[in-house]
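See below for the structure under consideration.
The values are calculated or read from the model by the stated rules, or taken from the named source; none is laboratory data. These numbers were taken from a predicted model, which means no experiment stands behind them. Please note: Cβ atoms are built from the backbone with ideal geometry, for glycine as well, and neighbour counts cover all protein chains shown. Side chains included, ligands, DNA and RNA excluded: accessible areas come from the protein's heavy atoms. Shrake-Rupley method; radii C 1.70, N 1.55, O 1.52, S 1.80 Å.
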Amino acid sequence: MRISELSAETGVPVATIKYYLREKLLPEGERTSPTQAVYGPAHVERLRLIRALVDSRVGIAASRQVIAALDDPPANPNHLLGLAHAAVSPPALDDLDLSAAEALISRWGWNPDACGPQQLAGVARALDTLDRAGFTVPEATMDAYLAGIRRMVDAEIDAIPTTSTDAAVRYVVLGTVLVEPLLLALRRVAEEFVSGDRYGDAVS
């Protein structure tokens, strides 16, 4: 298909497709002349992936890292998970105090040194924001967070496809990038229902 047909198939404007081509997010089509190229199903799939990343507020640079992980995945699934996290996590700052995050992770029986620096920094930033707001998560609630997260993550890791590297890469990378907004939305829905059941007032 020509670029105009690719645009019609995916709903992505031609100008945007050309931008993704320049940014090397989308591979070049097969040249039929110096000014013409044709595109196939792989380009449709890649464009839909790019749009999903952009719609999830993943920047162009991070999207490029995600796509690079898809195109050239590491052999170890744990390294793949690290690449996916690194692509969508803010960098760890050298002056960030990690002590509270390390203490929390250690309390749960995990070794903070085995955690990626960006992920540890994310916990530290979140705890610092809570502290500056004067908000304390009760210990029992924090432990409930861990218990629920551990069950969720066990299920996610169990579901990683093992028959295809490509399928595993897509599952890990897209699951990391695209599922987090769903989890937040589901948490808010559950809070409404549980609060309504407990206090008797429906949310309008």
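Between the beta carbons of residue 118 and residue 163, assuming R0 = 35 Å, the FRET efficiency works out to 0.70 to the nearest 0.05.
Length gained on full extension, residue 131 to residue 48, computed as 0.36 nm times the residue gap minus the Cα-Cα distance: 25.9 nm. Normalising the average separation of contacting C-alpha pairs (under 8 angstrom, six or more residues apart) by the number of residues puts the relative contact order of region 48-204 at 27 percent.
Taking every full run of DSSP H in the chain, the ones that stretch at least 18 Å from end to end by Cα along their long axis and average 0.5 or higher on the Kyte-Doolittle scale are 165-199. Annotation: amide H of residue 37 within the under-5 Å range of 3, 32, sequence separation 5 or more or interchain, hydrogens built in the peptide plane. First select every other residue whose beta carbon is under 10 angstrom from the beta carbon of residue 25; then total the charges, Lys and Arg +1, Asp and Glu -1. It works out to a net charge of +3.
Calculate the FRET efficiency for residue 2 and residue 71 from the Cβ-Cβ distance with a Förster distance of 35 Å, rounded to the nearest 0.05. Display every interim value, and only then the final one.
Details: r = 24 Å, r/R0 = 0.69.
Working from the Cβ atoms, E equals 0.90.
Using DSSP loop states and a limit of at most 12 other Cβ atoms within 10 Å to flag trypsin sites (Lys or Arg not before Pro), what is the longest stretch of the chain containing no flagged site? Longest gap between qualifying sites, sites excluded: 58-204.
If R₀ is 35 angstrom, what is the calculated FRET efficiency for the pair residue 188 and residue 28, using the beta carbon separation as r and rounding to 0.05? Taking R0 as 35 Å, the efficiency between residue 188 and residue 28 is 0.25. One chain, two ends: residue 156 and residue 18. Fully extended at 0.36 nm per residue, the span grows by 46.1 nm beyond their Cα-Cα distance.
Helix-only mean residue ellipticity at 222 nm, the chain, DSSP H runs n ≥ 4 weighted -39,500 (n - 2.57), per residue, nearest 500. What is it? Intermediate values should be presented prior to the final figure.
Details: 9 runs with 136 residues, N = 204.
Value at 222 nm, helices only: -22000 deg cm²/dmol.
Give the carbon-plus-sulfur fraction of the accessible surface of the chain in %, rounded to a whole number; probe 1.4 Å, heavy atoms of protein chains only. In the chain, the share of accessible area belonging to carbon and sulfur is 56 percent.
Report the far tail of the P(r) of region 10-120, meaning the percent of Cα-Cα pairs longer than 19 Å.
On the way: 3537 of 6105 pairs.
I get 58 percent for the Cα pairs in region 10-120 exceeding 19 Å.
Per residue and in cubic angstrom, what volume does the convex hull of the Cα atoms of region 1-50 have?
Numbers: hull volume 3.3 nm³, N = 50.
Per-residue hull volume (Cα only) is 66 Å³.
Between the entries (i) 21.1, 69; (ii) 18.8, 62; (iii) 16.1, 54, the label attached to Rg and Dmax of the Cα atoms in Å calculated for this structure is (i). For the pair residue 93/residue 78, report the inter-label distance in nm, with labels modelled 7 Å from Cα in the Cβ direction. Result: 3.1 nm between the two label points.
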